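**Student:** Below you will find the structure I want to go over with you.
The values are calculated or read from the model by the stated rules, or taken from the named source; none is laboratory data. As the structure is a prediction and not an experimental result, all values here were calculated from the model. Heads up, the Cβs are rebuilt from the backbone with ideal geometry, glycines too, and the neighbour counts pull from every protein chain shown. Calculation scope for accessible area: heavy atoms of the full protein, side chains included, ligands and nucleic acids excluded. Shrake-Rupley method; radii C 1.70, N 1.55, O 1.52, S 1.80 Å.
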Amino acid sequence: MKVRLLDIAHARSGDKGDTANVGLIALRPEWYTVLDRYVTRDAVAKHFEGQITGSVIRFELPNLQALNFLLHGALDGGGTLSLKTDAQGKVYSTALLRLVVDVPDAEAATLGLPAAS
């Protein structure tokens with residue numbers, strides 16, 4: 001089943017220099033397993049392909065049912081140097097929530113995940 005992160009998680013983002021920081025928090029504790037399993041570093045890097053020029057680093061925070069991603073090379077030099085509309089990286093959280101993951105039907109049903117519409 002296709003599942004939108006927007007339906008199962010909340011996100012916040014910010015910046016430091018040329019790096020955007022995105023926190024992804026499960027809306028229900030049992031949904032953290034979906035984030036942990038399917039929102040990989042590679043999936044996030046592919047999702048932001050063409051928007052960031054550096055690496056993606058992922059940190060797991062299971063006690064908070066959250067993941068944290070550092071998106072290097074996301075801000076075209078950072079707030080004081082960039083000509084990007086969002087040089088502080090605030091929109092990266094909204095953009096990550098647009099990611100759709102493919103969860104096996106049985107797992108999705110067990111967890112009560114909402115299907116992408």
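**Student:** So which pairs qualify, if the first residue must be in region 6-34 and farther than 21 Å from Asn63 by Cα, the second must be of a type in the set (Lys, Arg) and modelled with pLDDT under 95, the Cβ gap must be under 9 Å, and the two must be at least 6 apart or on different chains?
**Tutor:** Close Cβ pairs satisfying both conditions: Gly14/Lys90; Asp15/Lys90; Ala20/Lys90.
**Student:** Further, regarding this structure: Consider only pairs whose beta carbons are under 7 Å apart and that are at least six residues apart or on different chains; among these, list those whose first residue lies in region 51-66 and is within 19 Å of Val34 (Cα to Cα) and whose second residue is among the acidic types (Asp, Glu) and not in a strand (DSSP E or B).
**Tutor:** Listed by first residue and then by second, the contacts come to Glu60/Asp36.
**Student:** Just for helices (runs of 4 or more DSSP H) wholly inside region 1-57: which have at least 2 residues that are within 15 Å of Val103 (Cα to Cα)?
**Tutor:** Passing ranges, in order: 5-8, 32-38.
**Student:** I'd like to know if region 25-42 contains one or more residues that are at positive phi, open to solvent by 60 Å² or more (accessible area, probe 1.4 Å) and over 10 Å from the mean Cα position of the chain (by Cα).
**Tutor:** No, region 25-42 has no match at all.
**Student:** In the set Phe48, Phe59, which member is aromatic (Phe, Trp, Tyr), out of contact with any Gly (no Cβ under 9 Å at 6 or more places or on another chain), open to solvent by 20 Å² or more (accessible area, probe 1.4 Å) and modelled with pLDDT of 90 or more?
**Tutor:** Phe59
**Student:** Would you check if Ala66 is buried (at least 19 other Cβ atoms within 10 Å of the Cβ) and either at positive phi or of a type outside the set (Val, Ile, Thr) (or both)?
**Tutor:** Yes; evaluated as a whole, the condition is true for this residue.
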